[in-house]
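Enquirer: Questions regarding the structure given below will be posed in turn.
Just so it is clear, none of the values below were taken in a lab; they were calculated from the coordinates. Everything numeric in this text was worked out from a predicted model, so none of it was measured. Quick reminder, even Gly has a Cβ in these numbers, built from the backbone with ideal geometry, and neighbours come from all protein chains shown.
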Amino acid sequence: MADKTQANSAAPGDGLVRAGGVVFLVGTVATLVTVAPLFLGTEPFPTYMFALSMLMGVGFLMAGAGVLRSAAAGRRRARAGQ
């Protein structure tokens, strides 16, 4: 049986994975900015920068949820094809 899915079609979890990647990158930049004063010997950043660093974990969880959603949709498609 030939796979009828287009190469450029979006799977159910693709948007969540992309959004999670963007949030993860924002968290990565915030973490680097937060850690930089430790190496440069300057004044530490305010507390909200530490909160922004938590976006790394949030983005990772979002991307993981997107992968799980995509896998579940693939499993449903495979069961429907039997």
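Enquirer: Per-residue HN-Hα couplings for segment 40-48, Karplus 6.51 cos²θ - 1.76 cosθ + 1.60 at θ = phi - 60°, whole Hz, x for Gly and Pro?
Expert: Computed from phi, the couplings for segment 40-48 are 8, x, 9, 5, x, 6, x, 4, 4 Hz.
Enquirer: Efficiency by 1/(1 + (r/R0)^6): what FRET value for ARG18 and ALA80, r their Cβ-Cβ distance, R0 = 35 Å, to the nearest 0.05? Please list the in-between numbers first.
Expert: Values: r = 26 Å, r/R0 = 0.74.
That pair, ARG18 with ALA80, gives E of 0.85.
Enquirer: What full-extension length gain, to one decimal in nm, is calculated for PHE50 and ALA71 as 0.36 nm per residue of separation minus the Cα-Cα distance? Walk me through the numbers before you get to the answer.
Expert: Numbers: separation 21, 0.36 × 21 = 7.56 nm, distance 3.31 nm.
Taking PHE50 through ALA71 to full extension adds about 4.2 nm, to one decimal.
Enquirer: Taking percent of Cα pairs over 15 Å apart straight from the coordinates, which label in (i) 60; (ii) 73; (iii) 66 is the correct one?
Expert: Correct label, based on the coordinates given: (iii).
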